[in-house]
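This report concerns only the one structure given below.
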Amino acid sequence: MGMFYLHKILPMVFLPIGLTTILVCAGLLLRRRILCYVGIGLLWLSSMPLIGDAAIRAAEGWRVRVPLHEVPLSQAIVVLSNGFISAPGDASVVEWSDDVDRFEAGVALYHTGKGSMLILTGGWLPWSKEARSIGELLAEHAMERGIPRDRVAVTGKAMNTAAEAQAVAALMDQQDESQDRRVILVTSAFHMRRAQWLFERAGLAVFPFPVDFQVDENRGFTVLDLLPSAEALSNTETALRELYGYLYYVVRALVGAS
């Protein structure tokens, strides 16, 4: 559990807000104005939509949405967990979060016959008050959308993408005697590179189906793209987190192989 929190906290030092805080504090302590200016400039640049949009599109690998008719038939459709927040008040009430696209895409792929099984990962965080995983909640909605109960599977609880990949591989081994390990992987476009790499490392043949794109391609450039925005800063930090996460797993694999 300690490593989980470390993985969440450590990257913050290397994100724009963390670096800005370090630079400004160092500038004040050392009485070096230049460090303060650099920190503020870094935060401004990271908060510009021009930078944020470019960073998140780079994290997305400049991918585009794949038409359903171009998706090959696979043994299973795998939807990485995410999609609910608990509304204030009655704890039994949940609301969709922004990445509902993952669930919607998984249901659409199933109903067009692209996979014989819908697998939902059991995403769960240690600070969650909900005893059930997100995958278990999504499974109920999937059955309400007309997917038979025996065609919906949920992995055990998993706290990160690496654990999700291993859980899906183990579940497919249990349910598929033919050892057909082809899956359609559905997750946010900015998360796809890391997720696909981890699922392939787990021995699965992956067809990526990215969703939840963050940039509107129809929006043209305006002067507002040079002004700071909380949304743009979030995109920049999301892109950097994905880069750090991907590099972490690649380096760990290389060290383990040596």
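Rule-based calculations on the coordinates, nothing more; no lab input. For clarity, every value in this text was computed on a predicted model and none was experimentally measured. A quick note on method: Cβ atoms are made from the backbone with ideal geometry, for glycine too, and the neighbour counts reach across all protein chains shown.
Which FRET efficiency value, to the nearest 0.05, do you get for Leu226 and Arg151 by plugging their Cβ-Cβ distance into 1/(1 + (r/R0)^6) with R0 = 45 Å?
Working: r = 50 Å, r/R0 = 1.11.
After rounding, the FRET efficiency stands at 0.35.
What FRET efficiency do you get for Arg65 and Gln175 if R0 is 25 Å and r is their Cβ-Cβ distance, rounded to the nearest 0.05? Before the final figure, lay out the partial values.
Numbers: r = 29 Å, r/R0 = 1.16.
Step by step, r from the Cβ atoms, then E = 0.30.
So what are the ³J(HN,Hα) numbers for the range 214-223, from phi and the Karplus equation (6.51, -1.76, 1.60; θ = phi - 60°), rounded to whole Hz, Gly and Pro as x?
Going residue by residue, I get 9, 10, 7, 6, 8, 7, x, 6, 9, 4 Hz, with x marking Gly and Pro.
Of all DSSP beta bridges located in the chain, what percent are antiparallel, nearest 5?
Values: 3 of 23 bridges.
Counting DSSP beta bridges with both partners in the chain, the antiparallel share is about 15 percent.
Taking 8 Å as the Cα distance limit and 6 or more residues as the minimum spacing, I'd like the relative contact order of the chain as a percentage. Intermediate values should be presented prior to the final figure.
Working: 407 pairs, mean separation 67.0, N = 258.
The normalised contact order for the chain reaches 26 percent.
Give, as a single signed number, the net charge of other residues whose beta carbon lies under 15 Å from the beta carbon of Leu19, with Lys and Arg counted +1 and Asp and Glu -1.
0
For the range 68-211, calculate the relative contact order in percent as a whole number, restricting contacts to Cα pairs under 8 Å that are 6 or more residues apart.
26
What are the residues whose amide H is under 5 Å from the amide H of Thr187, where those residues sit 5 or more places off or on another chain and H is modelled from the backbone?
Distant-sequence amide H within range of Thr187: Phe209, Val211.
With each label point set 7 Å from Cα along the Cα-Cβ vector, what nm distance links Thr112 and Tyr37?
Placing both labels 7 Å beyond Cα along the Cβ direction yields 5.4 nm.
Could you work out the Kirkwood radius for the range 68-211, taking every pair of different alpha carbons, averaging 1/r and inverting it, reported in Å?
15.1
Cβ neighbours within 10 Å, averaged per peptide: list 143-152, 241-250 in order, most packed at the top.
Peptide ranking by packing, descending: 241-250, 143-152.
Using 13 Å as the cut-off for backbone N distance, which residues of the range 213-257 belong to the label zone defined by a point 7 Å from the Cα of Leu10 along Cα→Cβ?
Residues passing the 13 Å test: 244-253.
What is the extension gain from Ala253 to Ala87, computed as 0.36 nm multiplied by their sequence separation minus the C-alpha to C-alpha distance, in nm to one decimal?
Once the chain is fully extended between Ala253 and Ala87, it gains 55.8 nm.
Helix-derived [θ] at 222 nm for the chain: sum -39500 (n - 2.57) over DSSP H runs of at least 4, divide by residue count, nearest 500?
-15500 deg cm²/dmol
Mind jotting down the three principal axis lengths of the chain based on Cα atoms? Whole angstrom, largest first.
67, 45, 44
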